[in-house]
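First up is the structure itself, then whatever we jot down about it.
The values are calculated or read from the model by the stated rules, or taken from the named source; none is laboratory data. Here the structure is a predicted model, which means the values were calculated and not measured. In this analysis, Cβ positions are derived from the backbone assuming ideal geometry, glycine residues included, and neighbour counts consider all displayed protein chains.
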Amino acid sequence: MENIKWGELGFAYYKTAFNVRYHYANGQWSKMEVTDDEYIKMHMSAACLHYGLEIFEGLKAFRGVDGKVRLFRPDENAKRMINSANRLCLPAPTVEQFVEGCVECVKRNADFIPPYETGASLYLRPTLLGTKTCLGVRAVDEADLIIFCAPVGPYFKGGMSAIKALIMRDQDRAAPRGTGDVKVGGNYASSIWSLEAAHEKGFSNVLYLDAATHSKVEEFGAANFFGIKNNTYVTPKSASILPSITNKSLRQIAADLGLTVEERDIPVEELATFEEAGACGTAAVISPIGALYDLDNGVTYDYGMKVGETCKKMYDHLQGIQYGRVEDIHNWNVEVM
Ligand SMILES: Cc1ncc(COP(=O)(O)O)c(C=O)c1O
C-alpha cells in the first residue's frame, strides 16, 4: 500500500503506477499495453487537438467493507463510450475490451485503491483520442484508448451537504440535436464560461435549461437533475442530456424503495413543487440541492440546506452497494480482486 494521506485527497490528478492503452490503426485495435509513462506522444496535427475528436468516461472502483475491490457498472460506461465514439465517427472499443482495460488498470494500481474506512475511492478515466494527422475536418481512423486512474477523496468530507446553484440562461450547454447526450470534451469546454460566471456570483453550480425554449429543466452542471415529491422520483428526459449511470441506478433504487419513477419533461415552474432536489453523478453520487436561484426573474426555489430524507436514503443505498454493505441484487458490481 502506498504511503498516501488518504484523508487529504480531493478530486485531482494523482500519479499512480500504471496506465492501460490500446491503439487503433489499419482497421483494428492493438493488444492491451501497460505502461508507467504518463505522457503521450502524438502528431501536432492530430484530430483530437484541433477538432475536438475526443471522448472520455468516468467510473470508480471501491475497496469494500469485506476487503474486496469492485468496479461499479463498467459495462454501462463501455456502452456510453461506444455511443460517444459513434457520434464522433471515432473507432469504438468493444464492451469486453473496455471492461478488461478497466479491470487491468485497477489491478495494476492496487496500492492506490483507498482503504475502506477512508470513504475514498479509485477514479478511472478512460479517454479515447482521435490521433490521425489531419488539416481538414473529417472522420479519422486512428485512435488511442488510454485508461488511467487516480485515488480520490470522498466528495463530502464532513458528511453530505446541500449546495446553492444558479439557473443559467446566458449560455446553453448543448443544442437539441447536438452532442449533449454523449461524453465529448467539447461539451465541457462550452460549459466553462457558465461555471465561472456562477462561481463569481457565489454559486457552486448551474442548472441548464433546454436550449430551444428555456422552459424545461435539463442538466445540472456535469450531473443529472432529479426532484422528489409525493413519493415520486422525477428526472428530466431529453435528447441533449448525458444519460447518467448514477441516475439510471437511482431510478432502479427509487423503484426498489417503493417510489414511483418518472422520466419526463420538467417545466421550470415545476421546480417550486419539489420537496427535495438533487444532482447525481459518479463524483458525488448525490449532491442535494439546497436552493436554486433564478436571478433573471427574481425567484428562489428553496429546498432547505438540511439534507432530505429520500436523498439520504438513496445515497446510503447506492454507496452501500458500491462498498459491499448492501446486497447487489441487480449485479451492478464487477469484482476485480
Ligand atoms: C454532463 C454530465 N452529466 C451527467 C453526469 C453523470 O453521469 P454518471 O452518473 O455516469 O457519472 C456526468 C458525469 O459523467 C456529466 O459529465
Residue count, region 301-337 (criterion: exposed (fewer than 15 other Cβ atoms within 10 Å of the Cβ) and within 15 Å of Ala165 (Cα to Cα)) = 3
Residues of region 163-176 satisfying the condition of being buried (at least 17 other Cβ atoms within 10 Å of the Cβ) and touching a helix residue (DSSP H, G or I) at 6+ places or on another chain (Cβ under 9 Å) | Ala165, Leu166, Ile167, Met168, Asp172, Arg173, Ala174
Just one listed residue, out of Asp141, Asp170, Asp181, is part of a loop (DSSP other than H, G, I, E, B), in contact (Cβ under 8 Å) with a residue 24 or more places away in the chain, more than 19 Å from Ala239 (Cα to Cα) and not assigned by TED's automatic domain parsing to the domain that holds Asn109, and it is Asp170
Quick one: Arg251 ticks every box in (1) free of Cβ contacts under 8 Å to residues at least 24 places away in the same chain; (2) within 27 Å of Lys313 (Cβ to Cβ); (3) away from the ligand (no atom under 16 Å from the Cβ) bar one, so which box is it?
-> (3)
Is it the case that some residue within region 21-40 is touching a helix residue (DSSP H, G or I) at 6+ places or on another chain (Cβ under 9 Å), over 17 Å from Asn333 (Cα atoms) and either of a type in the set (A, V, I, L, M) or within 16 Å of the ligand (Cβ to nearest atom) (or both)?
-> yes
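On the given criteria, is Phe62 within 16 Å of the ligand (Cβ to nearest atom), surrounded by 17 or more Cβ atoms within 10 Å (Cβ to Cβ) and either of a type outside the set (A, V, I, L, M) or not assigned by TED's automatic domain parsing to the domain that holds Ser84 (or both)?
yes
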All but one of (1) touching a strand residue (DSSP E or B) at 6+ places or on another chain (Cβ under 8 Å); (2) within 16 Å of the ligand (Cβ to nearest atom) hold for Lys79, so report the exception by its number.
-> (1)
Scan of region 200-247 for residues that are more than 16 Å from the ligand (Cβ to nearest atom), polar (S, T, N, Q) and part of a loop (DSSP other than H, G, I, E, B), ordered by number = Thr213, Ser215, Asn230, Asn231
Does region 165-185 contain any residue that is within 15 Å of the ligand (Cβ to nearest atom) and within 30 Å of Arg325 (Cα to Cα)?
-> no
Can you find a residue in region 9-28 that is among the basic types (Lys, Arg), over 30 Å from Val326 (Cα atoms), in the same structural domain as Asn86 (by TED's automatic domain parsing) and part of a loop (DSSP other than H, G, I, E, B)?
-> yes
Say we look at region 227-247 and pick out the residues that are in contact (Cβ under 8 Å) with a residue 60 or more places away in the chain and within 16 Å of Ala284 (Cβ to Cβ); which of these is surrounded by the most Cβ atoms within 10 Å (Cβ to Cβ)?
-> Ile245
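Checking the conditions here, which among Met42, Met1 is under 30 Å from Gly159 (Cα atoms) and either in contact with a Ser or Thr (Cβ under 6 Å, 6 or more places away or on another chain) or not assigned by TED's automatic domain parsing to the domain that holds Arg125 (or both)?
After applying the criteria, what remains is Met1.
One line per residue, one yes/no per condition, for (1) in the same structural domain as Arg73 (by TED's automatic domain parsing); (2) more than 15 Å from Thr232 (Cβ to Cβ); (3) of a type outside the set (Lys, Arg); (4) assigned to a helix (DSSP H, G or I):
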site	(1), (2), (3), (4)
Glu269	no, yes, yes, yes
Ser287	no, yes, yes, no
Lys306	no, yes, no, no
Val334	no, yes, yes, no
Before we move on, is Arg138 within 16 Å of the ligand (Cβ to nearest atom) and more than 24 Å from Ala17 (Cβ to Cβ)?
-> no
The residue that is farthest from the ligand (Cβ to nearest atom), considering only those in region 47-58 that are in contact with a Lys or Arg (Cβ under 7 Å, 6 or more places away or on another chain) and more than 9 Å from Leu129 (Cα to Cα), is Glu57
